[in-house]
Amino acid sequence: MAASWLIYGATGYTGQLMAAEAARRGLRPVLAGRHLGKVQAIAAPHGFEARAADLTDAPKLRELVRGQALVLHAAGPFRETSAPMVEACIAEGASYLDITGELGVFSSVFERDAAARAAGIALIPGVGFDVVPTDCLARYVAERVPGASRLEIAIAPHGGMSSGTAKSMLASLPEGGFVRRGGELVHHALGRGARRIRFSDKERWTLPIPWGDLVTAFRTTRIPDITTYAAVPAKMARALEVGWPALWAGGPLSAALLRSARLRSAANRFVESRIDGPDAARRERGFARVWARASGSTSFEAWLDTIEPYAFTAVAAIDAVERVLKDSPKGALTPAVAFGADFALGVRGTVRRDVPAEAASRA
């Protein structure tokens with residue numbers, strides 16, 4: 001008999017994509033969320049079972065998780081939702097996977113490694129576009145530069161954004177930017193450090209951002225100095241470099257505004273009313289480019305090209321579910337540690353190439 005598993009947050013944009021991907025493969029997850037009626041509307045077309053539990057109700061949440069081999073958690077912002085689900089999974093002996101990209105969530109989940117091993121389960125955050133492509137590429141380049149001291153990762157996604165992603169980004173803004181230096185996360189003013197990076201198709205302007213790999217790639221590679229970049233329009237890069245970083249430099253007014261619960265609530269309502277996520281046509285046309293370089297006494301860099309990020313997430317997350325149910329890994333793991341550097345290549349349309357010397361990006 002196949003193991004029972006559950007998707008929590010199934011009514012969200014990405015949750016629905018993952019439920020559809022599971023159905024396409026003939027899998028039968030239980031779908032769950034806070035509101036039973038909304039879950040039933042998603043579950044019924046697939047013939048899936050629907051359940052409901054609020055994340056703030058610990059006994060009810062444990063009852064929901066009880067008897068499940070695994071939970072795929074898709075309800076964000078994860079800084080507010082991950083911890084109770086992780087605790088329920090540890091208590092009930094169910095492996096936990098999620099699709100977060102939030103630095104603090106990665107750190108919190110990895111702190112539960114001993115508890116996960118004692119419970120005989122896996123905790124694997126970031127099994128979607130955050131952070132499967134980048135984590136796998138980081139491991140790939142790091143393995144080719146033993147003793148590397150520096151790792152750089154850049155992404156250039158092309159497509160839309162869901163309301164859940166937008167809300168997670170808003171929740172992260174008060175923290176500002178980060179890089180990793182000497183193995184520690186240190187603040188870095190958002191908007192500083194613009195540079196051009198050569199992706200597989202063309203050069204793009206990029207800026208350092210607090211991408212989840214500042215935690216995950218460090219856990220995967222142990223490289224002490226890590227910077228993560230995102231491609232931005234050239235005009236934005238120049239404008240930010242000139243003056244806008246002052247907003248994020250820690251001034252009391254900007255910090256107070258960004259931490260205001262009332263402001264965040266209003267912003268979240270705006271996001272929910274205006275942002276739906278890319279439709280099927282945009283997902284079909286979309287793509288993403290990833291670049292990574294490990295440096296030490298030598299250096300090595302590579303490109304990874306993927307399908308549209310939400311489409312990638314739906315496939316990669318269900319791939320991860322199947323791998324965990326089959327292989328039963330234990331502990332708090334990154335995707336590349338759990339499944340290997342080639343895991344991302346299992347997603348259709350994903351191509352990895354070593355960067356030829358003549359195209360290597362300049363530091």
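Remarks
- The residue list Leu103, Leu137, Leu70, Leu97 contains one member that is surrounded by 17 or more Cβ atoms within 10 Å (Cβ to Cβ), more than 18 Å from the chain's Cα centre (by Cα) and not β-branched (Val, Ile, Thr), which is Leu70.
Yes/no per residue for (1) at pLDDT below 90; (2) in contact with a Lys or Arg (Cβ under 8 Å, 6 or more places away or on another chain):
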{"residue": "Gly191", "(1), (2)": "yes, no"}
{"residue": "Asp201", "(1), (2)": "no, yes"}
{"residue": "Arg219", "(1), (2)": "no, no"}
{"residue": "Thr228", "(1), (2)": "no, no"}
{"residue": "Ala234", "(1), (2)": "yes, no"}
{"residue": "Arg262", "(1), (2)": "yes, no"}
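- Out of Val127, Val132, Val109, one residue alone is farther than 17 Å from Lys330 by Cα, aliphatic (A, V, I, L, M) and under 16 Å from the mean Cα position of the chain (by Cα). It is Val132.
- None of Glu87, Glu111 is free of Cβ contacts under 8 Å to residues at least 40 places away in the same chain and surrounded by fewer than 19 Cβ atoms within 10 Å (Cβ to Cβ) except Glu87.
- Among the residues of the range 1-37, those that are surrounded by fewer than 16 Cβ atoms within 10 Å (Cβ to Cβ) and not small (Gly, Ala, Ser) comprise Met1, Arg24, Arg25, Arg28, His35, Leu36.
- The set of residues from the range 305-315 being touching a Pro at 6+ places or on another chain (Cβ under 8 Å) and buried (at least 24 other Cβ atoms within 10 Å of the Cβ) comprises Thr306, Pro309, Tyr310, Phe312.
- Only one entry in Ala336, Ala332, Ala344 is under 29 Å from Ala69 (Cα atoms) and in contact with a Phe, Trp or Tyr (Cβ under 6 Å, 6 or more places away or on another chain), namely Ala332.
- Just one of the numbered conditions (1) buried (at least 19 other Cβ atoms within 10 Å of the Cβ); (2) modelled with pLDDT of 95 or more; (3) out of contact with any Asp or Glu (no Cβ under 9 Å at 6 or more places or on another chain); (4) of a type outside the set (S, T, N, Q) is not true of Gly277: (2).
- Within the range 330-359, if we keep just the residues that are assigned to a loop (DSSP other than H, G, I, E, B) and on the phi > 0 side of the Ramachandran plot, the residue that is surrounded by the most Cβ atoms within 10 Å (Cβ to Cβ) turns out to be Gly340.
- In a residue-by-residue description of the range 309-322, the property of being small (Gly, Ala, Ser) and more than 20 Å from the chain's Cα centre (by Cα) applies to no position.
- Condition check for Arg362: crowded, with 18+ Cβ neighbours inside 10 Å and either modelled with pLDDT under 90 or not hydrophobic (A, V, I, L, M, F, W, C) (or both): no
The values are calculated or read from the model by the stated rules, or taken from the named source; none is laboratory data. Being a predicted model, the structure only gives us computed values, none of them experimental. Every residue, glycine as well, gets a Cβ built from its backbone with ideal geometry; the counts of neighbours run over all protein chains shown.
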